[in-house]
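Only one structure is covered here, and it is reproduced in the block below.
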Amino acid sequence: MDKKLYQRILMMVPLLRGLTPDELEEIVAISKLLKVRKDVTVVEEGDEGRAMYILVDGRAEVVKRLAGGDNTMLAELKAPSVFGEMSLIDHQPRSATVITTTDSVLFQINLAAFNELRSNYRPAAYKLLREIAPTICGRLRRVDERIGEFFRDPEKSLATLDSGFLDALAGKPGKGKEGL
């Protein structure tokens, strides 16, 4: 795919709208456009983060492994969404798994190449990090809200969780995913 098409696609992504054409070109140069089928695990919880992804087209879900080995869905992503962005910041293992729920188009930003841009003090790298910060803050605020909801009425919250767990065991769809 040619670079002009990449740039047109990426200009639709809010995270990248603040970049100049030259800065966007630097990001395009260290990235790949991927076509991914439904039900593909793009990132796996616990794996080393080697890239950030922008969901350009399609849908995916973010899943967290629980202590007992079960999984819980944390979020449903629809385009344009970003995931794996923490790997650009903290170099820690992936905190969750992301699985496509439709055929999807992803833009992958390579971590090693991004770090090279950053070490060369390229504005594109710093602008991208600046745009990632509100995304992470928004997610943290939603987690805070969910925790607050849980503790407003812990008995009701636990009953809802138990009900969802029992529904999931019985094979009933839906309720188990709402959780908190």
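The values are calculated or read from the model by the stated rules, or taken from the named source; none is laboratory data. It should be emphasised that the depicted structure is a prediction, and the values quoted were computed from it without experimental measurement. No Cβ is skipped: glycine too gets one built from the backbone with ideal geometry, and neighbour counts run over all protein chains shown.
For GLU76, are the conditions met, namely being at pLDDT 85 or above, loosely packed, with under 14 Cβ neighbours inside 10 Å and either touching an Asp or Glu at 6+ places or on another chain (Cβ under 6 Å) or assigned to a loop (DSSP other than H, G, I, E, B) (or both)? Taking the combined requirement at face value, the residue satisfies it.
Of all residue pairs spaced 6 or more apart or on separate chains, those with beta-carbon atoms under 8 Å, a first member in region 110-124 that is at negative phi and a second member that is part of a helix (DSSP H, G or I) and hydroxyl-bearing (Ser, Thr, Tyr) are LEU111/SER87; ARG118/TYR126. Annotation note: Cβ proximity below 7 Å between a residue of region 17-33 that is surrounded by fewer than 13 Cβ atoms within 10 Å (Cβ to Cβ) and a residue that is not in a helix (DSSP H, G or I) (sequence gap 6+ or interchain) occurs for ARG17/MET11.
With respect to PHE165, determine if the residue is surrounded by 14 or more Cβ atoms within 10 Å (Cβ to Cβ) and modelled with pLDDT of 55 or more.
On the way: surrounded by 14 or more Cβ atoms within 10 Å (Cβ to Cβ): yes; modelled with pLDDT of 55 or more: no.
No.
Here are GLY84, GLY46: which of them is at positive phi, surrounded by fewer than 20 Cβ atoms within 10 Å (Cβ to Cβ) and out of contact with any Cys (no Cβ under 6 Å at 6 or more places or on another chain)? First the steps, then the outcome.
Values: GLY84 fails: surrounded by fewer than 20 Cβ atoms within 10 Å (Cβ to Cβ).
Answer to the selection: GLY46.
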